[in-house]
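In what follows, a structure is listed as structure tokens, so that the remarks can point back to it.
What follows is calculated from the coordinates using simple rules that are stated; it is not laboratory data. Here the structure is a predicted model, which means the values were calculated and not measured. Ideal geometry is used to build each Cβ from the backbone, glycine not excepted, and the neighbour counts take in all protein chains shown.
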Amino acid sequence: MTSRAGEPFVLPRAVAEAEQLLAAPVPPTGPTTAQGAPVTGEWTATEGAGFRIVPLWEGDPLTGVYAPEWKDAEEAADAHLAALAHELDHRWGPHATVRLHVPLRRWLSGGSPVEPLFQALFAVDLYGDLTVWGPVGAAGPGGTGDRWFAVTVGHSDGDAPLVLAALVSEGPLTEPDDAGW
């Protein structure tokens, strides 16, 4: 669960939070750490060397939900992602898609190293492909240089809700080479 539980998806708020995330500082070095709300411990952000990931929206828990309601929940999450991507395309230009199947297979196998950013995404159950813009200029207070920005939808096992999250990276967000996979 995230700190966004129970909040409706509001496109203007999501866009404003995306722009704030793009302009906010990220740690240049250090370990990857997940942060939680002080009282509940619900996930609020994860940051590591050169990146920050935050939840933008969380759907309802899927406890006791089966098809077609499950499909409706997935479609709602995908629609939120598409609406946000459409708006950001107007602001930052067309997006690209970065598939995560290669780093996910590496992470699950434990055999090959996975970049800390991908490890951080998987640790909070964000397994969906990334919708990516970049480089995008980081305007505003605290913004430095060009950054990469992405949104994704994730879902953990069981009855957990779907989560729409955003991330900013100081380095390029590119699809890892699938050689050998």
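Summary of values
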{"quantity": "Exposure proxy order (Cβ contacts within 10 Å, fewest to most) of Thr63, Thr46, Thr40", "calculated": "Thr63, Thr40, Thr46"}
{"quantity": "5 angstrom amide H check on Leu56, placed H, neighbours 5+ away", "calculated": "Leu164, Ala165, Ala166"}
{"quantity": "Beta bridges by DSSP in region 1-107, antiparallel share as percent, to the nearest 5", "calculated": "90 percent"}
{"quantity": "Amide proton proximity set for Leu62, modelled H, under 5 Å, gap of 5+", "calculated": "Ala160"}
{"quantity": "Residue order, fewest to most surrounding Cβ atoms within 10 angstrom, among Ser156, Ser3, Ser109", "calculated": "Ser109, Ser156, Ser3"}
{"quantity": "For region 118-128, 3J(HN,Hα) per residue [Karplus equation, 6.51 cos²θ - 1.76 cosθ + 1.60, θ = phi - 60°, Hz, x = Gly/Pro]", "calculated": "5, 4, 5, 4, 5, 5, 10, 6, 9, 9, x"}
{"quantity": "From phi via Karplus (6.51, -1.76, 1.60), per-residue ³J(HN,Hα) for region 90-98 in Hz, x at Gly/Pro", "calculated": "5, 8, 10, x, x, 8, 10, 10, 10"}
{"quantity": "Sorted by Cβ density within 10 Å, fewest first, the residues His86, His155", "calculated": "His86, His155"}
{"quantity": "Residues whose placed amide H lies under 5 Å from that of Val124, excluding near-sequence neighbours", "calculated": "none"}
{"quantity": "The chain: C-alpha gyration tensor shape, a/c 1.5 cut-off, then a/b vs b/c", "calculated": "rounded"}
{"quantity": "Backbone HN-Hα couplings from phi across region 62-78 [Karplus 6.51/-1.76/1.60, Hz, Gly and Pro as x]", "calculated": "9, 4, x, 9, 10, 4, x, 4, 4, 4, 4, 5, 5, 5, 5, 5, 5"}
{"quantity": "Antiparallel content of DSSP bridges confined to the chain, in %, to 5", "calculated": "95 percent"}
